[in-house]
Amino acid sequence: MKIVKVNLEYASYPIFIGENIFPKLEELIASSKLYKNLFFVVDKNVYKQFSKYIKKIFYKHDEKKYFYKFCAIEKNKSYDELKKIHSKLLEKRFGRDTLLISVGGGITCDLSGFAASTYMRGVQLIHIPTTLIAMVDSSIGGKTGINFELYKNMVGTFYQPKLVLCDIDFISTLSNREMISGCGELIKYAFITSKHFYEKINDKLPAIISKNKIALSDIIYNSVQFKASIVNMDENEKGLRKVLNFGHTFAHAFEKESKNKISHGEAVTVGIVCALFLSNRKKLISNDALKKYLELTGKLKINKSIFKVDPEQIYKIMFTDKKNLDEKISLVLLKDIGELVLDVHASKAEIIWAINSAIENLNLHHKYS
Ligand code: GLY
């Protein structure tokens, strides 16, 4: 089992990564001296597949425990679902000595984190991410939230968990589409981390998509190390943490415009392709570099719904992004691998051009792959 630490002034916590480590959870709760009144928020699909396993592990747990199941779709990352969680916590008389444990993907992490951060002004939280995207991104760094009027993560908090446990065995049941989605955030790390990591991801992408455990364990560990290092330096996204938003302003607009037919990770890949075209147009990266980088993004086959979106609508939605400043769309662009330019503004013509170029490029990869 590998351990990465998030070290913040008021909240430091370990992230455990390994195979078959979920059975250690009860022991980790005890050794971390966390509360033992457990309120699990579990993705229904995960519960269907793993309930016997989860219940067996907590069979002897003497204190209170409750399993709250919900359908983990973007539509349910909402006030309604948040209210249901809070109501259940109250109904079952969970108090301030609650340990809320989220078990699921990114949607589950974000919603449960927000529920934990707001119930009785905050109860303890643990994340058990079960998808690749949640292991490398959503469960780390304390971002929580719900969608509001279909705008992504518009209402939320920064709230750090007490620990995160990434058991790679959960990945074994994921669909190919869920793996492609997770790879969207991985290729983000390829661009924002280092040339060495870029090459590693480029080489290992097929092994990751086919769920090779050695490749997964290695890549998840490196991604978590990198994300933790960024969060350690800029927890509340005042500056440096913005690099983690590479491609995301485009991505959130694609998710909304496709009515969530494309997943977050797929949208991140599309968003990165848009950002690469725009970086080239702004003369930050050369034509050769653009061509090389598009070979990496082209390895991920994105759901065809993206070819139906209206670029004008994407542009309009991008205006409402919470990362904008002074009512201007604020973007993260690439100068070189590991070298990002923050808070770049672009004209409407440039943005629409980048969106059209990205759609055309991904369409080509779709046709000929
Ligand atoms: N997902 C981006 C961040 O955690 O900052």
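The values are calculated or read from the model by the stated rules, or taken from the named source; none is laboratory data. Keep in mind the model is a prediction, meaning the values are calculated, not measured. When we count neighbours, we look across all protein chains shown, and the Cβ atoms used for this are built from the backbone with ideal geometry, even at glycine.
A single entry from 103, 123 fulfils the requirement of being buried (at least 24 other Cβ atoms within 10 Å of the Cβ), over 21 Å from residue 248 (Cβ atoms) and more than 16 Å from the ligand (Cβ to nearest atom): 103. Kindly indicate whether residue 307 is in contact (Cβ under 8 Å) with a residue 12 or more places away in the chain, crowded, with 17+ Cβ neighbours inside 10 Å and of a type in the set (Phe, Trp, Tyr). Spelling it out, it is not the case that residue 307 is in contact (Cβ under 8 Å) with a residue 12 or more places away in the chain, crowded, with 17+ Cβ neighbours inside 10 Å and of a type in the set (Phe, Trp, Tyr). Would you confirm, using the coordinates I've provided, whether residue 211 is in contact (Cβ under 8 Å) with a residue 24 or more places away in the chain and in a loop (DSSP other than H, G, I, E, B)? Judged against the criteria, residue 211 is a match.
Does segment 322-334 hold any residues that are more than 28 Å from residue 286 (Cα to Cα) and in contact (Cβ under 8 Å) with a residue 60 or more places away in the chain, and which are they? Within segment 322-334, 322 is the sole residue that qualifies.
Filtered by the rule that a residue be over 22 Å from the mean Cα position of the chain (by Cα), of a type in the set (S, T, N, Q) and either modelled with pLDDT under 95 or surrounded by fewer than 16 Cβ atoms within 10 Å (Cβ to Cβ) (or both), segment 275-304 gives 286, 287.
Residue 332 - would you say it is more than 23 Å from residue 156 (Cα to Cα) and crowded, with 18+ Cβ neighbours inside 10 Å? Judged against the criteria, residue 332 is not a match. Exactly one residue out of 186, 276, 205 is within 16 Å of the ligand (Cβ to nearest atom) and closer than 25 Å to residue 307 by Cα, and it is 186.
For segment 327-346, which positions are modelled with pLDDT of 95 or more and more than 18 Å from residue 237 (Cβ to Cβ)? Within segment 327-346, 334, 335, 336, 337, 338, 339 qualify. Here segment 146-155 is the region considered, the condition is being surrounded by fewer than 22 Cβ atoms within 10 Å (Cβ to Cβ) and not aliphatic (A, V, I, L, M), and the residue that is farthest from the ligand (Cβ to nearest atom) is 149. Taking into account only those residues within segment 52-72 that are loosely packed, with under 14 Cβ neighbours inside 10 Å and under 26 Å from the mean Cα position of the chain (by Cα), which is nearest to residue 131 (Cα to Cα)? Per the criteria, the residue is 71.
Being free of Cβ contacts under 8 Å to residues at least 12 places away in the same chain and either surrounded by 15 or more Cβ atoms within 10 Å (Cβ to Cβ) or within 16 Å of the ligand (Cβ to nearest atom) (or both) is the filter here; which residues of segment 214-228 pass it? Residue satisfying the conditions is 215 alone.
If you take the residues in segment 126-143 that are assigned to a helix (DSSP H, G or I) and near the ligand (Cβ under 10 Å from one of its atoms), which one is farthest from residue 10 (Cα to Cα)? Only one residue fits best here, namely 133. For the residues 286, 330, the requirement of being away from the ligand (no atom under 16 Å from the Cβ), over 24 Å from residue 134 (Cβ atoms) and of a type in the set (Ser, Thr, Tyr) singles out 286. Of the residues in segment 178-201, not one is of a type in the set (Lys, Arg) and modelled with pLDDT under 95. Keeping to segment 243-267, report how many residues are of a type in the set (Val, Ile, Thr), within 22 Å of residue 305 (Cα to Cα) and either surrounded by fewer than 24 Cβ atoms within 10 Å (Cβ to Cβ) or within 16 Å of the ligand (Cβ to nearest atom) (or both). Adding up the residues that qualify gives 1. Here the condition is being within 15 Å of the ligand (Cβ to nearest atom), more than 16 Å from residue 337 (Cβ to Cβ), touching a helix residue (DSSP H, G or I) at 6+ places or on another chain (Cβ under 9 Å) and of a type in the set (A, V, I, L, M); of 231, 270, it holds for 231 alone.
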